[in-house]
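The values are calculated or read from the model by the stated rules, or taken from the named source; none is laboratory data. What you are looking at is a predicted structure, and each value in this text was computed from that prediction instead of being measured. Please note: Cβ atoms are built from the backbone with ideal geometry, for glycine as well, and neighbour counts cover all protein chains shown. All accessible areas refer to the heavy atoms of the entire protein, side chains included, with ligands and DNA or RNA removed. Shrake-Rupley method; radii C 1.70, N 1.55, O 1.52, S 1.80 Å.
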Amino acid sequence: MREKRSMYQRIFGKKNIDHINATQLQMLNGFNATFNTFSGDSYDSDVVRSVIDSIARNGAKLTPKHMFDKKTTTSKPTDVEKLLKYQPNQYMDAYSFFYKIITALYVKNNAFIFIDKDKFGTAKAFYPVDSSSVEFVEAELEGQTEIFARFRFLGGKEVTLPYSDLIHLRRFFYKNDLYGETSDKALNPTLQLIQTTDDGIANAVQSSAYLRGLLVFEGQIRPEDLKTQADEFKKSFMSISNSGGVAATDAKAKFQELNNDPKMVDGEQMKLIQEKVYKYYGINENIVKSDYTEQQFNSFYESILEPLAIQLSLTFTNALFTRKEKDAGHHIVFSTDRIQYASTQTKLKMVEILTDRGLLTDNEAREIFNMSPLPNGDRKIVSLNYIDKDLASNYQMGRAHIKDNSNGKESDETDDD
């Protein structure tokens, strides 16, 4: 019978070096080297989750490419590129992988990716590390002092990994030397306000079904008779069948109405509260609702997706390649060719201009419209309406205007070939 192995063992197995004699890393500014995840459960807020989902859904469409200078290293994807482009590890496809790390980045302001390497130091898998806390420590390894990250998980397990085997993404990187600051102080007050508002609406709805009035009887009546009289009154006068809306009592009873007037936040105030969340993440509400214009999406791309693509490109490049390899031109680029948005009218105009100048092949133009390539679609066409300005004189037709230096007037002279 085969021994069952946990995911912890499968991923970290022999990579854990928790046996080293490590001491907590001292930060330059004296801050604690331990990072605890955001305690406010921001992802439980529907407003926050919808914002982060919008960013992660679009960010996960970034296309990783292994480049050499400005060209791909080979005509076929390299092993690293295939990992990042299709299946970074045995449990996740590329879209799910990047969705998860982008979500972690925007929830915790820190996201860690473990690079599982073979004996030659080549990446063979990438795993997001979703821990409850991480502590940065330093220790000697093979005669050199190295930085390590000690991760603690909710299940009680720990793993210590070399910082050089990690890809570390961060936001709000300011006071601490290694990790981005949590959103507790900045976001918690707004989240608490949203929670209070939601609770107030729920309570208001519930209160509408509570006590509507009192039926006051003269004299002493037995408890069981009180309940019987109240049930009869509700059945007769407070049900849907009482279409007339009129109730009547005799001298023994008097109905006293209770006015429930629950206070709720109005629509404008609720919108202002939610707007604080959108501003915190730098996103437009229309992006979250998927009801954006071309200009709004372009702003979203330039302010959020493009900086994210740059950070991903730099962190993956620095983690995967040596200085010598980077000097030779190896780098990872996260292309945005799958996420740039433009209206059909804009695409037509762009294709027309680029094709006229010989900058697009037929297949590249078809790709802009999500059309499949043609067998002979790699040709480039160019408009004859454009010529090299240095050759313009060779295409002059008819008469040339020559200035008559003697009288300061222009005269027409015909070129004879």
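Of Lys271, Lys100, Lys347, which has the most accessible area with a 1.4 Å probe, and how do the rest follow in descending order?
Lys271, Lys100, Lys347
With θ set to phi - 60° and the Karplus curve 6.51 cos²θ - 1.76 cosθ + 1.60, what are the ³J(HN,Hα) couplings of segment 123-129 in order, to the nearest whole Hz, using x for Gly and Pro?
In residue order, the calculated couplings are 5, 10, 6, 10, 10, x, 10 Hz.
Amide H neighbours of Val129 under 5 Å, at least 5 residues apart or on other chains, H built in the peptide plane: list them.
Answer set, sorted by chain and number: Phe112, Ile113, Phe114.
For the full complex of protein chains and a 1.4 angstrom probe, list Ser303, Ser313 by accessible area with the highest value first. Kindly include the intermediate steps, with their values, before the conclusion.
Working: Ser303 70, Ser313 20 Å².
Highest to lowest solvent-accessible surface, that is Ser303, Ser313.
HN-Hα J couplings of segment 374-379 from phi, Karplus 6.51/-1.76/1.60, θ = phi - 60°, integer Hz, Gly and Pro as x?
9, x, 10, x, 8, 7
Using a Förster distance of 41 Å, how high is the FRET efficiency between Gln269 and Leu154, based on the Cβ-Cβ distance and rounded to 0.05?
Numbers: r = 37 Å, r/R0 = 0.90.
Efficiency at R0 = 41 Å is approximately 0.65.
Please give the solvent-accessible surface of Arg49 in Å², to the nearest 10, using a probe radius of 1.4 Å with every protein chain present.
Number for this one is 100 Å².
Determine the gain in length on full extension of the stretch Asp79-Asp327; use 0.36 nm per residue of separation and subtract their C-alpha separation, reporting nm with one decimal.
Working: separation 248, 0.36 × 248 = 89.28 nm, distance 2.01 nm.
Full-extension gain reported as 87.3 nm.
Between Thr145 and Gln195, what length in nm is gained on full extension when 0.36 nm per residue of separation is reduced by their alpha carbon distance?
Value of the extension gain: 13.3 nm.
With a 1.4 Å probe and every protein chain kept in, tell me what percent of the accessible surface of segment 84-205 is carbon plus sulfur. Could the numbers behind the result be given before it?
Details: 2940 of 5800 Å².
The value for segment 84-205 is 51 percent carbon and sulfur by accessible area.
For Met92, which sequence-distant residues (separation of 5 or more, or a different chain) have an amide H within less than 5 Å of its own amide H, given hydrogens modelled in the peptide plane?
Close amide H contacts, sequence-distant or interchain: none at all.
Considering only the other residues whose Cβ falls under 11 Å of the Cβ of Ser133, what net charge follows from Lys and Arg at +1 and Asp and Glu at -1?
Taking every other residue near Ser133 into account, the sum is +1.
Taking amide H positions as placed in the peptide plane 1.01 Å from N, state which residues far from Lys117 in sequence (5 or more) or on other chains have amide H under 5 Å from it.
Residues meeting the criterion, in which the H sits 1.01 Å from N, are Lys124.
Heavy-atom accessible area of Met350 with all protein chains present, probe 1.4 Å, nearest 10 Å²?
Approximately 80 Å² for this residue.
Holding the Cα-Cα limit at 27 Å, pick out from Lys82/Lys157; Lys326/Lys347; Lys65/Lys100; Lys108/Lys157; Lys117/Lys175; Lys175/Lys276 the pairs that are longer than that.
Too far apart for the 27 Å limit: Lys82/Lys157; Lys326/Lys347; Lys117/Lys175.
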